[in-house]
Amino acid sequence: MVLISAVRDYIQRMLHDISGMKVLILDSETVKIVSVVYSQSELLQKEVFLVETVETNSKESMSHLKAVYFLRPTSENVQHLRRQLALPRFGEYHLFFSNIMKDTQLHILADADEQEVVRQVQEFYADFVAIDPYHFTLNYQFNHIYMLPTVVDPPSSQIFCDRVVDAISAVFLALKRRPVIRYQRTSDVAKRIAQEAARLMYEKENGLFDFRRSEISPLLLVVDRRDDPVTPLLNQWTYQAMIHELIGIEDNKVDLKHLGKIPKDQQEVVLSSEQDAFFKANMYENFGDLGMNIKKMVDEFQLIAKSNQNIQTIEDMAKFVDNYPEYRKKHGNVSKHVTMVTELSRIVEGKKLMLVSQTEQDLACNGGQVAAFEAVLKFLNDESISDIDRLRLVMLYALRYEKESPVQLMQLCNKLASRSAKYKSGLVQFLLKQAGVDKRTGDLYGNRDLLNIARNMARGIKGVENVYTQHQPLLFQTMESITRGRLRDVDYPFVGSHFQQGRPHEVVIFVVGGTTYEEARSVALYNATNSGTRFILGGSAILNSNRFLKDLEEAQKIMKSNANVL
């Protein structure tokens, strides 16, 4: 509950202490921060009768309302506020900012408040989107920036790093902790973010982060998405990850409008482990078990529906009316999940994903270059396989066998170019430049480290429970290394002179370039079974294969047009 509780607590404090009718005014980012943890009905209970964005230029006076602003402390937002305070529409103004404010910004607001309508200005450190209890994101729109060397676009690079540092610092301020900081040695962007975070926490805002010290400091580890490019390229087979891969989740909402004949209230549905007990219980279940659990839920609902049909007395009718809101909610929930699973099944069948995914898992988890080459070639010749699935298979082959079989890899790339109209020229080679074996730190395929080789052999002998979910993200190995005190200083150096004494009890791993729901599941399951260390996962975006490929394409396009700079 840790991240969601922290953000909810801030919002609760904002709204609870201000009595009477309120308007809540947000910006494009705080809208997301609030919406994933607080429902509209909960806002109504706190007497919030109107929600606006700060960009709204309405002149309508509403002096009977008290304005509660929750904004990121950006210069744009401060300018919007300055203009609105000059001509106040509301009776009172309560200003809350999601991160540390500059003195100059406070002076601008003080000068603008000539009519003295501002009652308070506070910093509430909720500058991140708390998707799940142990998973946060920034949903950063220009996520591809992390792949570009700083010289290509210094301003965009700086804005990206600043936003990441803001989010990381807010997480630690919300948790009331100051961490020791480590980063992935092979990543320039991870190093830069780690150093800037350290400068903020230990120099610029030293006093703000000076919490009561625990014996063992928490750890912030900043890593690069390109150290594990395999995880975002794979098809997924557990409920939450699968929905994001095949349909898409944004800020815990799923858009189902494209399905055609669907009731209006089901066209955009919320998938939150906080508000939906069935989703909470099944978000990490594999697709096979999920089908059984959906059937059980439908059977239970049919029993309730039957008992409601049997209304014979006035008491029965009164009981039905009392229970009707709960009945409607259950009905909505059942139809939401049935719709979702039906659509997932349709996509899996239409795209032959069970066949494709088996080969993907083999490429990610098992050796055997010859068999892998044959399997990928077969799919490239199969007209019923989509272009994007062919591209992903070639990429997974390339990441695994770039050194072992460059000639055959070239054959597959040529074949792909001739078969797939949508194939972007040179994208496989660009992926290898970005995330090939020479760029990676971790033991992605378990073939560098003796311990991992032994573990893979043992797994091969024992067999796997489910061929579709045998892949484990590199993040799992990283968590194990931290828990066992085996994370090598040479690969993940410390920033400055602040070193770890003993194994940390709290760890925030931030993935520059984005996380996946498969990794979030790994963290949640690891936390559930290991009591010694609690992990929190954060990233600049939440990826599925489409988003990861889009970021690659965007970065490749910019690199091509800036070839003369490099």
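The values are calculated or read from the model by the stated rules, or taken from the named source; none is laboratory data. Computed from a predicted structure; not experimentally measured. Glycine gets a Cβ as well: all are built from the backbone with ideal geometry, and neighbour counts include every protein chain shown. The protein model used for the area step is the full one, side chains on, heavy atoms only, and it has no ligands, DNA or RNA in it. Shrake-Rupley method; radii C 1.70, N 1.55, O 1.52, S 1.80 Å.
When Leu106 is tested against (1) of a type outside the set (Val, Ile, Thr); (2) under 25 Å from the mean Cα position of the chain (by Cα); (3) open to solvent by 10 Å² or more (accessible area, probe 1.4 Å), just one condition goes unmet, and that condition is (2). Taking residues in the stretch 399-418 that are closer than 17 Å to Phe430 by Cα, and partners anywhere that are part of a helix (DSSP H, G or I) and polar (S, T, N, Q), the pairs with Cβ atoms closer than 6 Å and at least 6 places apart or on different chains are Tyr401/Gln369.
Quick grid of which residues meet (1) crowded, with 19+ Cβ neighbours inside 10 Å; (2) modelled with pLDDT of 85 or more; (3) assigned to a loop (DSSP other than H, G, I, E, B):
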residue	(1), (2), (3)
Leu399	yes, yes, no
Leu409	yes, yes, no
Leu412	yes, yes, no
Lys415	no, yes, no
Ser418	no, yes, no
Lys422	no, no, yes
Ser425	no, no, yes
Val428	yes, yes, no
Gly442	yes, no, yes
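Report, by residue number, each residue of the stretch 7-28 that is assigned to a loop (DSSP other than H, G, I, E, B) and buried (at least 20 other Cβ atoms within 10 Å of the Cβ).
Answer for the stretch 7-28, where residues must be assigned to a loop (DSSP other than H, G, I, E, B) and buried (at least 20 other Cβ atoms within 10 Å of the Cβ): just Asp27.
Could you check the stretch 357-382 and list, in sequence order, the residues that are among the aliphatic types (A, V, I, L, M), open to solvent by less than 20 Å² (accessible area, probe 1.4 Å) and either outside any helix (DSSP H, G or I) or within 20 Å of Arg419 (Cα to Cα) (or both)?
Ala372, Val376, Leu380 - these are the residues of the stretch 357-382 that are among the aliphatic types (A, V, I, L, M), open to solvent by less than 20 Å² (accessible area, probe 1.4 Å) and either outside any helix (DSSP H, G or I) or within 20 Å of Arg419 (Cα to Cα) (or both).
Counting only strands (runs of 3 or more DSSP E) wholly contained in the stretch 123-194, the ones carrying 1 or more residues that are touching a His at 6+ places or on another chain (Cβ under 6 Å) and surrounded by 19 or more Cβ atoms within 10 Å (Cβ to Cβ) occupy 180-183.
For the stretch 480-490, state whether one or more residues are within 27 Å of Asp362 (Cα to Cα), at pLDDT 90 or above and not hydrophobic (A, V, I, L, M, F, W, C).
Within the stretch 480-490, one or more residues are within 27 Å of Asp362 (Cα to Cα), at pLDDT 90 or above and not hydrophobic (A, V, I, L, M, F, W, C).
Tallying residues that are among the polar types (S, T, N, Q), in contact (Cβ under 8 Å) with a residue 60 or more places away in the chain and part of a helix (DSSP H, G or I) within the stretch 522-566 yields 4. When Tyr202 is tested against (1) within 25 Å of Leu549 (Cα to Cα); (2) of a type in the set (Ser, Thr, Tyr); (3) open to solvent by 20 Å² or more (accessible area, probe 1.4 Å), exactly one condition is not met: (1). Annotation note: of Arg225, Arg192, Arg212, the sole residue that is over 21 Å from the mean Cα position of the chain (by Cα) and modelled with pLDDT of 95 or more is Arg192.
Looking at His244, is it open to solvent by 10 Å² or more (accessible area, probe 1.4 Å) and either under 30 Å from Leu444 (Cβ atoms) or among the basic types (Lys, Arg) (or both)? Judged against the criteria, His244 is a match. Taken across the stretch 57-69, residues that are in contact (Cβ under 8 Å) with a residue 60 or more places away in the chain, farther than 11 Å from Ala126 by Cβ and in a loop (DSSP other than H, G, I, E, B) do not occur at all. Hey, does the stretch 291-299 have a residue that's out of contact with any Pro (no Cβ under 7 Å at 6 or more places or on another chain) and either within 29 Å of Ala190 (Cα to Cα) or open to solvent by less than 10 Å² (accessible area, probe 1.4 Å) (or both)? Looking through the stretch 291-299, none of the residues is out of contact with any Pro (no Cβ under 7 Å at 6 or more places or on another chain) and either within 29 Å of Ala190 (Cα to Cα) or open to solvent by less than 10 Å² (accessible area, probe 1.4 Å) (or both).
Considering the stretch 110-122, the residues that are open to solvent by 30 Å² or more (accessible area, probe 1.4 Å) and assigned to a loop (DSSP other than H, G, I, E, B) include one that is nearest to Lys280 (Cα to Cα), namely Glu116.
Against the conditions (1) surrounded by fewer than 18 Cβ atoms within 10 Å (Cβ to Cβ); (2) under 14 Å from Val495 (Cβ atoms), Leu219 satisfies every one except (1).
Is one or more of the residues making up the stretch 33-55 farther than 28 Å from Ala524 by Cα, hydroxyl-bearing (Ser, Thr, Tyr) and assigned to a loop (DSSP other than H, G, I, E, B)? No, the stretch 33-55 has no match at all.
For the stretch 78-109, a residue qualifies if it is at pLDDT 95 or above and of a type in the set (Gly, Ala, Ser), and exactly one does: Ser98. Only residues that are touching a strand residue (DSSP E or B) at 6+ places or on another chain (Cβ under 6 Å), surrounded by fewer than 24 Cβ atoms within 10 Å (Cβ to Cβ) and of a type in the set (S, T, N, Q) were counted in the stretch 498-526, giving 1.
Inspection of the stretch 107-126 finds a residue satisfying the criterion of being within 28 Å of Leu173 (Cα to Cα) and acidic (Asp, Glu).
List every residue pair whose Cβ atoms sit under 8 Å apart, with the two residues 6 or more apart in sequence or on different chains, where the first one lies in the stretch 257-284 and is open to solvent by less than 30 Å² (accessible area, probe 1.4 Å) and the second, anywhere, is among the basic types (Lys, Arg) and part of a helix (DSSP H, G or I). The qualifying pairs are Gln266/Lys336; Val269/Lys336; Ser273/Lys280; Met283/Arg521.
Scanning the stretch 47-95 for residues that are open to solvent by 40 Å² or more (accessible area, probe 1.4 Å) and either basic (Lys, Arg) or under 28 Å from the mean Cα position of the chain (by Cα) (or both) yields a count of 9.
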